[in-house]
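The structure under discussion appears below in the form of structure tokens.
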């Protein structure tokens, strides 16, 4: 993530999310090293599988392949002048939590030969880190009082989305996908519908507002 950061302009919407996510991975890494997670191997596996989902999207787009539906709005609107940095950050978080986290849990369960229930503590602790970071992101990226004409509709728009609700949805999706693992056709359909529904939310979060100036 540090490597790809240098390839993008700081105002690029994907770069905005990448900076946020780099902070997330560093925070989770510190928590793992500090012994916050009871099962360090499980936590590290979930962290790695989670990051791999995002990096695979970056690689796909870089090589001309389409991004998954959940990520497509961010990559499509990444240079739109009417979209604020906070919108870019939360749209990326929405895609990564709402879609990728569920699949990362399933990936981790397969790698560790366990069920989602055995990863619930690690999932919850990762979620706690994300909630704290979301609060920090909102504080740092929300426009100041000199941009109230933008901030008012922005506050209304972003108030429609909650990381905690997205996290709850991801946990339910992970458990559902695990139950469907012996039914690959249904699992694939479920994943595709999850991808599209999360993408719809991302498109809403990236609704262009009045440009600065």
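The values are calculated or read from the model by the stated rules, or taken from the named source; none is laboratory data. Not measured: the values here are computed from a predicted model. Methodologically, a virtual Cβ is constructed for each residue, glycine included, from the backbone with ideal geometry; neighbour enumeration extends over all protein chains shown.
Among residues of the stretch 23-40 being modelled with pLDDT under 90 and assigned to a loop (DSSP other than H, G, I, E, B), the one that is surrounded by the most Cβ atoms within 10 Å (Cβ to Cβ) is 37.
Is one or more of the residues making up the stretch 99-115 in contact (Cβ under 8 Å) with a residue 24 or more places away in the chain, under 19 Å from residue 203 (Cβ atoms) and buried (at least 19 other Cβ atoms within 10 Å of the Cβ)? Yes, because at least one residue in the stretch 99-115 is in contact (Cβ under 8 Å) with a residue 24 or more places away in the chain, under 19 Å from residue 203 (Cβ atoms) and buried (at least 19 other Cβ atoms within 10 Å of the Cβ). When we screen 48, 20, 14 for residues that are surrounded by fewer than 19 Cβ atoms within 10 Å (Cβ to Cβ) and assigned to a helix (DSSP H, G or I), the only hit is 48. The set of residues in the stretch 51-81 that are in a loop (DSSP other than H, G, I, E, B) and under 21 Å from residue 108 (Cα atoms) comprises 68, 70.
Residue under question is residue 43, and the condition is that it be under 20 Å from residue 171 (Cβ atoms), modelled with pLDDT under 90 and in contact with a helix residue (DSSP H, G or I) (Cβ under 7 Å, 6 or more places away or on another chain); does it hold? Taking the combined requirement at face value, the residue does not satisfy it.
Residues are listed down the side, and each one gets a yes or a no for (1) assigned to a helix (DSSP H, G or I); (2) surrounded by fewer than 12 Cβ atoms within 10 Å (Cβ to Cβ); (3) modelled with pLDDT under 95:
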{"site": "151", "(1), (2), (3)": "yes, no, yes"}
{"site": "160", "(1), (2), (3)": "no, yes, yes"}
{"site": "170", "(1), (2), (3)": "yes, no, no"}
{"site": "185", "(1), (2), (3)": "yes, yes, no"}
{"site": "189", "(1), (2), (3)": "yes, no, no"}
{"site": "208", "(1), (2), (3)": "no, no, yes"}
